[in-house]
Amino acid sequence: MLTPFKNEFPFPNFAEERSRSRMEEALTSVTAQTGHTYSLVIGGRHIETVQRSQSRNPSRLDQVIGIACESPAEMVDAAVQAAQDAFPAWSHLSTEERARYFVSAAAKMRRRIYSFAAWMVLEAGKNWTEAYADAAEAIDFMEYYAREAIRLQRSHPTIAMTGEENDFFYLPLGVGAVIAPWNFPLAILVGMTTAAAVTGNTVIMKPAEQTPVIAAKFMELLEYVGLPPGVVNYLPGDGEVVGEALTAHPQVRFVAFTGSREVGVHIYARAAVVQPGQKFLRRCILEMGGKDAIVVDENTPLDLVAAEVVASAFGFQGQKCSACSRLIAHTDIYDELLQKVIELGRKIKIGDPAQYGVYMGGVIDAAAHKKILNYVALGRAEAKLVMGGVDTEDQETHGYFVHPTIFSEVDPQSRLAQEEIFGPVLSAIRAESFEHAMEIANGTDYGLTGALFSSSRAHLEYARREFHVGNLYLNRKCTGALVGVQPFGGFNMSGTDSKAGGPDYLLQFMQGKIVCERW
Ligand code: NAD
């Protein structure tokens, strides 16, 4: 019997010598392993391709983290076939047996957590704590879903009918595509893949173009624990090639996607088309972007709020779907709060996050850098720049750095306040009253996370009912959901509200069957 689920929490305090030296050792060791080539893994076979891409450190552009073979579109068929071949044996294993592979992988990842974190410092530009938290979440997903799958495979009681036995249980769907983003390159990839596989499906795992190496490290781990060939296939490559082919493949029964609104909406439409030879309606689990707000009421202790706003807005360079990109403050405290946020924001250390104490690294790539700076230029025209707004010189050689940036007096309907920027850019919006603040908060197409800081019970209760987001936080920051504690997923254009890390999540990867036998 497995022990009850427990989060990998709290995270280490790197101010302590022991944790700091473990991270330094891991970074040295991982740095020595950079530059290797990673092949595709299809049905257990390692396949090298001609088309390759270099994965570079976004905070040190001269450092090549690894070279990823890219799958051409033709290889998608081979990967789907390998998953199809692996499906009968894998789906017939007991759930406990399948779960053990992932509990074993979690144990091994836990032993090497500093190493997994170090890869994310280098490949994704995460600071030490963010990188450690990402690896911890990956472990949590494996441990949690292993237990959830076991819980769900038990027969579910139905209303008893005399003279009959009725049995209700769940079956896997078949072959599925997991299409992951770069911003939680380990946790989200591991979460979606584990959920799909532990419930008996077989998977084609397509990582983001920006983070193929960390995904390859997860694939190596699955091979190390002896996962049968073909259960998980590693297929890095261009989203518009590999992703495009997977989402409309006549044998791919479901798509689990986390990424941008634009791509999610495209996948939703594409996956809906029934292809020749396709005998099912493809399921889509789509988790997309956000335009998350922290609302601050009058009569709130502002020092605490300012720290939580800075962590939510600028942690991992603002590149979290849950990041606070709108600070909506009551006019009575607006100026004082903004001043405190600016004071804290100015203390943020930017640079190569492999160095201890650096809080913000480079943003993920040249395209993101350009996009964020375009929004900064737009903000200069639309609102009042009160902090940041610059990129560092030498970004061509050193990294894609963007300083934490705050615009004030932002119009709630402006593009700055409506569109997901996905960078360290915070829009401060003045509200005339609490009701006005809530109206602004709900006034975008998204509905992922939100927070309210208030000491009014009536306002807190109002927000519980009316703040229309999938993850609402009262009197705390709007980032940092923990598996099992705050199941995660958003409303409206933030996605299908799948609630990753929650008790309903695995049901999306399964289909219920009733067997009725009359005596
Ligand atoms: P993205 O949409 O650009 O890419 C995500 C994945 O989709 C990548 O693997 C990419 O290769 C693939 N892809 C691209 N084009 C495709 C196509 N035509 N068909 C199929 N697949 C395709 O997103 P990103 O930049 O990697 O990630 C950032 C976005 O993800 C942000 O919008 C962020 O808010 C969102 N996100 C959401 C959550 C959540 O839980 N809601 C979590 C993390 C990130």
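What the table shows:
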item: Residue check for ILE159: at negative phi and touching a Lys or Arg at 6+ places or on another chain (Cβ under 8 Å); result: no
item: Residue among PHE316, PHE280 that alone is within 16 Å of the ligand (Cβ to nearest atom) and of a type outside the set (S, T, N, Q); result: PHE316
item: Unmet requirement for ALA216, which otherwise passes all of (1) away from the ligand (no atom under 16 Å from the Cβ); (2) over 23 Å from ILE267 (Cβ atoms); (3) touching a residue at least 24 places away in the same chain (Cβ under 8 Å); result: (1)
item: Verdict on ALA311 being assigned to a helix (DSSP H, G or I) and either within 16 Å of the ligand (Cβ to nearest atom) or out of contact with any Ser or Thr (no Cβ under 9 Å at 6 or more places or on another chain) (or both); result: no
item: The range 456-468 residues that are closer than 16 Å to ASN442 by Cβ and at pLDDT 95 or above, paired with ones that are in a helix (DSSP H, G or I) and of a type outside the set (A, V, I, L, M) (beta carbon under 8 Å, 6 or more apart); result: HIS459/PHE434; TYR462/PHE434; HIS468/ASN492
item: Subset of the range 9-48 (residues that are surrounded by 12 or more Cβ atoms within 10 Å (Cβ to Cβ) and within 18 Å of LYS206 (Cβ to Cβ)); result: TYR38, SER39, LEU40, VAL41, ILE42, GLY43, GLY44, ARG45, HIS46, ILE47
item: Contacts under 7 angstrom Cβ, first residue in the range 490-519 being of a type in the set (D, E, K, R), partner not in a loop (DSSP other than H, G, I, E, B), 6 or more apart; result: LYS499/PHE488; LYS499/TYR505; LYS513/PHE169; LYS513/LEU171; GLU517/GLU164; GLU517/GLU165; ARG518/GLU164
item: Selection within the range 53-80 - among the acidic types (Asp, Glu) and crowded, with 19+ Cβ neighbours inside 10 Å; result: GLU70
item: Hits in the range 242-270 (condition: surrounded by fewer than 18 Cβ atoms within 10 Å (Cβ to Cβ) and in contact with a Ser or Thr (Cβ under 8 Å, 6 or more places away or on another chain)); result: ARG270
item: Considering residues of the range 171-203 that are among the hydroxyl-bearing types (Ser, Thr, Tyr) and touching a helix residue (DSSP H, G or I) at 6+ places or on another chain (Cβ under 6 Å) only, the residue nearest to the ligand (Cβ to nearest atom); result: THR194
item: Tally, over the range 421-430, of residues that are crowded, with 23+ Cβ neighbours inside 10 Å, touching a Ser or Thr at 6+ places or on another chain (Cβ under 7 Å) and not β-branched (Val, Ile, Thr); result: 4
item: Given (1) crowded, with 24+ Cβ neighbours inside 10 Å; (2) of a type in the set (D, E, K, R); (3) part of a helix (DSSP H, G or I), index of the condition ARG147 fails; result: (1)
item: Matching residues, the range 244-273, being out of contact with any Pro (no Cβ under 8 Å at 6 or more places or on another chain), within 21 Å of GLN84 (Cβ to Cβ) and without any contact (Cβ under 8 Å) to a residue 40 or more places away in the chain; result: ALA248, ARG270, ALA271, VAL273
item: Selection count, the range 235-264, where residues are closer than 21 Å to ASP497 by Cβ and near the ligand (Cβ under 10 Å from one of its atoms); result: 10
item: Scan of the range 32-67 for residues that are within 18 Å of LYS126 (Cα to Cα), part of a strand (DSSP E or B) and not small (Gly, Ala, Ser), ordered by number; result: ARG56, ASN57, ARG60, LEU61, ASP62, GLN63, VAL64, ILE65
item: Single match in THR194, THR211, THR199 (criterion: within 21 Å of the chain's Cα centre (by Cα), at pLDDT 95 or above, over 28 Å from GLY125 (Cα atoms) and assigned by TED's automatic domain parsing to the domain that holds ALA83); result: THR199
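The values are calculated or read from the model by the stated rules, or taken from the named source; none is laboratory data. Given the structure is predicted, the values throughout are model-derived calculations rather than measurements. Reconstructed Cβ throughout: ideal geometry from the backbone, glycine too, with neighbour counts over all protein chains shown.
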